[in-house]
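The next block holds one structure in the form of structure tokens; read it before the comments.
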Amino acid sequence: MDKSYLIALSLVLGGCASQPAMVERQVGQFDLKLGTAPARSMAQGLVQPTTASTFRGGVDLTHDSGLYVGQWAPSIGLLEDTQLELNSYIGYAQPRLDDRPGYELGVIRYSFPEIEAWNREEYYAGFNLGSSRLGGALSSSLGRTDSTLFLELGSLWPLDVGVRVKYASHSMDSPMYYPGGSVRVFDDWSLNLSRRLLGVQMDFSYTDSSLRGAQCGVYSGQNAYCEGFMMLKAERSFF
């Protein structure tokens, strides 16, 4: 697809709206969505185009068979220190029916026409059965490969606790150096537990990685922190 057309499409869809907007139309056997927010969360929530700029937009087209294709521009590069980004994706999804699991697979390409070295592809797949979900993704960019495994279990008896686990492995083509050594491969992971108790939503999370001390100077994984970090959150709605 011509690059100038992609830029024009992003301008038309993104505009400068301060609030997300979505237009949805049924066109024969296709469901068409145009909007200023990502139209879907892919692979059971494992992969989702980011929302980064005021000027953004996207188009999503889904066939009755489950095949879908779309493009999302989280930034069209109009503001200072921003770059044009185009996320193009194609996939196939089937919902869960009775005792048969639902599944989804596809690929998303993150393109930066002004800085091609940032381009990367991410392949994803996911399954869901009942309230449990399993997903995996493989991301390939210049000099780096990332793989992620995601598992979410429904409320577990007898404590009625929801469990979510994510594990990722990161491999670099060239070593990343820190004072005293270098790193080419590292892993990180996260555990989330949730339970509703007396009207209060309780959430516990723990994140960690295989890096320690000075090695954390080169950390670039999925967690906000390199070494072990725990957080407990309690939330209650009064209205």
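So is Ser147 open to solvent by less than 40 Å² (accessible area, probe 1.4 Å) and not aromatic (Phe, Trp, Tyr) or not? No. For segment 222-239, a tally of residues being assigned to a loop (DSSP other than H, G, I, E, B), open to solvent by 30 Å² or more (accessible area, probe 1.4 Å) and closer than 27 Å to Gly180 by Cβ returns 5.
Of all the criteria given as (1) in contact with a strand residue (DSSP E or B) (Cβ under 6 Å, 6 or more places away or on another chain); (2) more than 30 Å from Tyr92 (Cβ to Cβ); (3) free of Cβ contacts under 8 Å to residues at least 24 places away in the same chain, the one not satisfied by Leu153 is (2). Does Ser141 satisfy the criteria of being over 15 Å from the mean Cα position of the chain (by Cα), at pLDDT below 90 and within 30 Å of Ile115 (Cα to Cα)? For Ser141, the condition - over 15 Å from the mean Cα position of the chain (by Cα), at pLDDT below 90 and within 30 Å of Ile115 (Cα to Cα) - is met. Beta carbons closer than 9 Å, at least 6 apart along the sequence or on distinct chains, pair a first residue in segment 177-200 that is under 30 Å from Ser237 (Cα atoms) with a second that is open to solvent by 90 Å² or more (accessible area, probe 1.4 Å) and aliphatic (A, V, I, L, M) for Arg195/Leu159.
Within segment 201-220, can you find the residues that are among the small types (Gly, Ala, Ser) and either in contact (Cβ under 8 Å) with a residue 60 or more places away in the chain or part of a strand (DSSP E or B) (or both)? Across segment 201-220, the qualifying residues are Ser205, Ser209.
Listed here are the residues, each with its yes/no results for (1) part of a strand (DSSP E or B); (2) crowded, with 17+ Cβ neighbours inside 10 Å; (3) free of Cβ contacts under 8 Å to residues at least 40 places away in the same chain.
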position	(1), (2), (3)
Ser65	no, no, yes
Gln71	yes, yes, no
Asn87	yes, yes, yes
Ile90	yes, no, yes
Tyr103	yes, yes, yes
Gly106	yes, yes, no
Tyr110	yes, yes, yes
Glu114	no, no, yes
Glu121	yes, no, yes
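Restricting attention to segment 70-129, the residues being over 24 Å from Leu149 (Cα atoms) and hydroxyl-bearing (Ser, Thr, Tyr) number 2.
The values are calculated or read from the model by the stated rules, or taken from the named source; none is laboratory data. Predicted model, so just to flag it, every value in this text is computed and none were measured. Using ideal geometry, Cβ is built from the backbone for each residue, glycine included, and neighbour counts are taken over all protein chains shown. Please note that ligands, DNA and RNA were not included when accessible areas were found on the heavy atoms of the full protein model with its side chains. Shrake-Rupley method; radii C 1.70, N 1.55, O 1.52, S 1.80 Å.
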